[in-house]
Amino acid sequence: MEKKRILLIASYDGSLIEFRGDFIKNLINNGFDVYAAAPEFTEHYRKLIKDIGAVPIDFKLQRTGLNPLKDFKSIQELKSIIKRHKIDLVFPYTVKPVIYGSIAANMCKVPVISLITGLGYAFTGLSFKVRTLQRFNEMLYKLSIRKNKVIVFQNKDDYELFLDRKIITKHQKVDFVSGSGVNLNKYTFKEKNPTENVSFLLIARLIKEKGIAYYMEAAKILKAKYPKTEFHLIGGNENSPSAISKDEINLLHDQGVIIFHGIQHNIEKHLQQRDVFVLPSYYREGLPRTNLEACACGNPIITTDSVGCRESVRHGVNGFLIEPQSQDALIEAMEYFITNPDKIKEMGYNSRKYAEERFDVNIINNDLLKLINNVLKI
């Protein structure tokens, strides 16, 4: 029997390995031929995709902004890819791949399972420009995913929003998964035993919506009060209107307020070395991967009681949910761990237990595999 061919569509090549690598391996192990499409493949990720047995495919995609001509060309290119490789099912994730991949697949009459991984910047509604972009994206979502076989959400809030905005109807088939999952064999548990040298870590894109500025301000205030406490920051500089100033980060690093690591690839090592993970995001998340990785490594988590983020924390059990954009709430939660270091060990253990119960990548991937088999009637 000829193998079924699945096309994954991503907005950048690294996510195919970092977020979907285990999923691709699972599909291949279950007898599928996997094609992985992303714009501007680097040789590094092209090789990694080939090494796990998938076929990397380049296509052009303007990741941010709107350009109707370029966006139309992306759809046409994806349509050509689907036809040329005789794809049996398309699996797009993140905003533009879902919209353009779904339109292309529907034009080819190829079934689609789309994964909504968070609505991000365009659904924060912080300015007139963003609200305009939001309405346009709503229209594109409604147009593109109406014929999709299954729409998979990472949290109930996004599902309710899609219903409220009439992007989908209650008659459309939907399902839910707990994020992209985390490989518990890679992100291993390390017991935390801090004393007065409590260390915090934030890993994120360096944009305001991720709460970076609130974290840096908390570090300035708490460092003055508790000099032995450490505040670590990992992330790359962003080409974005809301990017945090590189000079501001470097200044705090030079002053010894924060320890800035830039971009890092051995995230599990950093999580294991630090005590408490912090993500004060007010971005519209799906379910932040870093929160799941922190859970697996046994870090208590401080994050916001907002869309996506709240899914990763049982308040008071494996961390704290705080009010978004509240400097006082963030400082209070961080100071709790500084003055109660014994709680870090207890809550860290609870984080790992929660990861094993809910976020194991094998659980997530098996759920997605069942959806695919059902759509393809395997």
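For the reader, a short list of remarks on this structure follows.
- For the residues A355, A329, the requirement of being assigned to a helix (DSSP H, G or I) and crowded, with 22+ Cβ neighbours inside 10 Å singles out A355.
- Taken together, Y100, Y93 contain a single residue that is surrounded by 22 or more Cβ atoms within 10 Å (Cβ to Cβ), over 24 Å from Y282 (Cα atoms) and touching a residue at least 40 places away in the same chain (Cβ under 8 Å), which is Y100.
- Set side by side, the residues N318, N239 differ, and just one is of a type in the set (S, T, N, Q), without any contact (Cβ under 8 Å) to a residue 40 or more places away in the chain and buried (at least 20 other Cβ atoms within 10 Å of the Cβ), which is N318.
- Segment 358-378: number of residues that are touching a residue at least 60 places away in the same chain (Cβ under 8 Å) and in a loop (DSSP other than H, G, I, E, B): 1
- Matching residues, segment 142-168, being among the hydroxyl-bearing types (S, T, Y) and farther than 24 Å from E311 by Cα: S144
- Taking strands (runs of 3 or more DSSP E) as the structural unit, those lying wholly within segment 1-74 and holding at least 2 residues that are surrounded by fewer than 15 Cβ atoms within 10 Å (Cβ to Cβ) correspond to 55-58.
- Filter result for K192 (more than 19 Å from V313 (Cα to Cα) and at pLDDT below 95): no
- Qualifying residue in segment 175-193 (condition: farther than 30 Å from E346 by Cβ and not assigned by TED's automatic domain parsing to the domain that holds F277): yes
- Only one of the numbered conditions (1) in contact with a strand residue (DSSP E or B) (Cβ under 9 Å, 6 or more places away or on another chain); (2) crowded, with 21+ Cβ neighbours inside 10 Å is not met by N374, and that is (2).
- With respect to the stated conditions, E248 is among the acidic types (D, E), over 18 Å from A333 (Cα atoms), touching a residue at least 12 places away in the same chain (Cβ under 8 Å) and out of contact with any Ser or Thr (no Cβ under 9 Å at 6 or more places or on another chain).
- One residue from T117, T124 being at pLDDT below 95, in contact with a strand residue (DSSP E or B) (Cβ under 9 Å, 6 or more places away or on another chain) and either not assigned by TED's automatic domain parsing to the domain that holds G298 or not charged (D, E, K, R) (or both): T117
- Some residue of segment 30-38 being touching a residue at least 24 places away in the same chain (Cβ under 8 Å), assigned by TED's automatic domain parsing to the domain that holds T117, aromatic (F, W, Y) and within 21 Å of I116 (Cα to Cα): yes
- Of all residues in segment 287-310, those that are part of a loop (DSSP other than H, G, I, E, B) and more than 23 Å from N185 (Cα to Cα) total 4.
The values are calculated or read from the model by the stated rules, or taken from the named source; none is laboratory data. Treat the numbers as computed from the prediction; the structure is a model and nothing was measured. Every residue, glycine among them, receives a Cβ derived from its backbone with ideal geometry; neighbour counts consider all protein chains shown.
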